[in-house]
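Here the structure is laid out as structure tokens; the discussion comes afterwards.
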Amino acid sequence: MPPLGGGGTGNAIVGKTVVGPISGFGSVIVNGTRYNTDQANFMIDGVPGTQADLKVGQIVVLKSDNNNNAQSVSYEEIVEGPVAGLDVNAGTFMVLEQLVIVDNLTSFDDDINPENIEGLTNGMIVEISGEHDANGDIRATRIDKSDDDDNDYEVHGVVENHDPVAMTFYIGDLRVGYANAELDDFGADGIQNGDLVEVEGSTFLNDGTLVATEVENENDDDDDRDGDDDDEGEISGLITSVDSATRFTIGTTTVIITDNTEFEDGSAADLVLNANVEVEGQFNENGELVAEEIEFEDRSDTEVEGRIDAIDTVNRTITVGGITFAVTDTTRFEDDDDDNDQTFSFENLAVGDHVEIDGYEDASGTLIATKVEREADDDDDNDNDNDNDESDTEIEGAVSEIGSDHLVVAGRTIFVDANTAYELNDREVSAAEFFAAVQIGDIVEVEGYEDEDGNFIAEDIELEDDD
């Protein structure tokens, strides 16, 4: 896809480059902005596609004009291959020797059952959308079960330990052999250490080397995240390197800080490795993004699952289990109900819907929803002894208060009684042992229900270790 406009036209803005996960449709919503896609060209894993091929949680590169009319939208999975070394408790697994990390913001394909890491199995072929962190690991934003029957595997990454004689190199811990591969866009110098490449292959040697059928140089790819000189840029992601007090990197984009850069929800001191930020600014002639504003984005640490108690359409809030979340322009909406509506949004929610909400508490104490997922009714498998399925709720969050007969989690008072069961690091314990171990700030998972007086009664409380 060609870049928008041209470069070097004074201070005139000639286009906009946007990088981030899709949070919704009705056109395409990226980084909280809705882009009209009526005239957009779509490229899906290197081939022409349509908007219907895209899914919430996939990271895209979008090129638009100044009126938010998208001219092109490009999506590339970061790795595709078999799951190995699955560790459900740690929230990690391997694909082609790349460590994949799952968190509360990871979206899952509805072909994965259940739609979380517990639905994965070793050997399952998956497609991952995500980004590399400062350690080179992949933070997954979406995981889909592959429908590729040919087992054509794919991995994107940076060439390391290149051996031109043996014709091998590494991407992370994956050894790649390219002796018989088609090489694209490398020029006379061939493959070099530091090249950003896409590798395709389907077979392995006995020593685990992936036999590449194609290696493509992505340094100058058409869906490049860097804009032309004076183009606007809006990039969200993890900080992968900090070069100085005025320079850091998100993925492949270098960000420049100036005296005019404004900060939201943080300061320059918070620009550390793996900080999650959104940067708005303009590209210079070197393809660097000169930051006008840097906003720090919290990772979700609170999760509530249950049926919606109330919806406030004026203040745009959702209440589940007595816990209220505010919806923002960047809240990701997903529909796993029978309708499976791609354009599902806040306006489609109704009281009584079974949802899972992930979020965080901002500086004012407001819970901000980062992801809202409507579940199918048959996913509502909570069972309790009170036959009160309509009010069954699961809450995960930090403990802010501890009493003799209660905890406060995510602002909700959780009462315990003689029937409450306790777990400590997957081990059943007594109430006395649990309350002796739990501390302010610990993350707990609670399953319970509201009694007739509106009190939340815990049936199960689990305290996990720091991981």
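The values are calculated or read from the model by the stated rules, or taken from the named source; none is laboratory data. This one's a predicted model, so the numbers in the text were calculated from it and none came from an experiment. All Cβ positions, glycine included, derive from the backbone under ideal geometry; neighbour counts span all protein chains shown. In case anyone asks, the SASA skips ligands and DNA or RNA and just uses the protein heavy atoms, side chains included. Shrake-Rupley method; radii C 1.70, N 1.55, O 1.52, S 1.80 Å.
Along the positive direction of the dipole of the chain (beta-carbon charges: Lys, Arg +1; Asp, Glu -1; about the Cα centre), which of 313, 376, 217 reaches farthest?
Of the options given, the answer is 217.
Under a Cβ-Cβ cut-off of 14 Å, what is the net charge of the residues other than residue 69 that fall near it, where Lys and Arg count +1 and Asp and Glu count -1? Walk me through the numbers on the way to the answer.
Values: positive: 16, 34, 63; negative: 38, 65, 232.
Charge balance in the 14 Å sphere: 0.
Which one, 108, 357, 79, projects farthest toward the positive side of the charge dipole computed for the chain from Cβ point charges (K/R +1, D/E -1)?
Value computed over the given set: 79.
Based on the alpha-carbon gyration tensor of the range 44-85 and its eigenvalue square roots a ≥ b ≥ c, which shape applies: rounded if a/c is under 1.5, prolate if not and a/b is larger than b/c, or oblate? Don't jump to the answer; show the numbers that get you there.
Details: a/c = 2.92, a/b = 2.41, b/c = 1.21.
Here the range 44-85 falls in the prolate category.
Would you please put 298-308, 178-188 in order of how densely packed they are, using the mean number of other Cβ atoms within 10 angstrom per residue and starting with the highest? Please report the intermediate quantities before stating the final value.
Values: 298-308: 20.0, 178-188: 12.6.
Highest to lowest by the protection proxy: 298-308, 178-188.
Restricting to Cα pairs below 8 Å that are 6+ residues apart, what does the relative contact order work out to for the chain? Please round to a whole percent. Before the final figure, lay out each step's value.
Working: 1162 pairs, mean separation 51.6, N = 467.
11 percent.
Once you sort the root eigenvalues of the Cα gyration tensor of the range 166-226 as a ≥ b ≥ c, which label holds: rounded (a/c under 1.5), prolate (a/b larger than b/c) or oblate (the other case)? Kindly include the intermediate steps, with their values, before the conclusion.
On the way: a/c = 1.95, a/b = 1.76, b/c = 1.10.
Because a/c hits 1.5 or more and a/b exceeds b/c, the range 166-226 counts as prolate.
For the range 249-295, which whole percent of the accessible surface, found with a 1.4 angstrom probe, sits on carbon and sulfur atoms?
Numbers: 860 of 2240 Å².
Carbon and sulfur: 39 percent of the exposed surface of the range 249-295.
Does a label point 7 Å from the Cα of residue 145, set along Cα-to-beta-carbon, have any residues of the range 98-118 with amide nitrogen under 16 Å, and which are they?
108-118
Counting only the heavy atoms of the protein chains, how much of residue 145 is accessible to a 1.4 Å probe, in Å² to the nearest 10?
90
Mind checking the per residue accessible area of the chain for me, 1.4 Å probe, whole number of Å²?
Result: 45 Å² per residue.
For the chain, compute the orientation-averaged projected area of the C-alpha convex hull (one quarter of its surface), in nm². Don't skip to the answer; put the middle values down first.
Numbers: hull surface 97.9 nm².
Orientation-averaged projected area of the Cα hull: 24.5 nm².
As an exercise, find the ratio Rg/Rh for the range 241-363 from alpha-carbon atoms, using the Kirkwood inverse-distance average for Rh.
Working: Rg = 18.5 Å, Rh = 17.0 Å.
My calculation puts Rg/Rh at 1.09.
Apply 1/(1 + (r/R0)^6) to the Cβ-Cβ distance of residue 213 and residue 121, taking R0 = 35 Å, and write down the FRET efficiency to the nearest 0.05.
Numbers: r = 26 Å, r/R0 = 0.76.
So the FRET efficiency works out to roughly 0.85.
Taking H as built 1.01 Å from N, whose amide H comes closer than 5 Å to the amide H of residue 417, not counting residues under 5 places away?
Hits under the 5 Å cutoff: 458.
For the peptides 284-290, 92-98, 409-415, what is the packing order when you average, over each peptide's residues, the other Cβ atoms within 10 Å and list the highest mean first?
92-98, 409-415, 284-290
Counting only protein heavy atoms and a 1.4 Å probe, tell me what percentage of the range 40-176's accessible area is made up of carbon and sulfur.
On the way: 2330 of 5560 Å².
Accessible surface attributable to carbon and sulfur in the range 40-176 totals 42 percent.
What nm distance separates the two modelled labels at residue 188 and residue 433, each placed 7 Å from Cα along Cα→Cβ?
7.3
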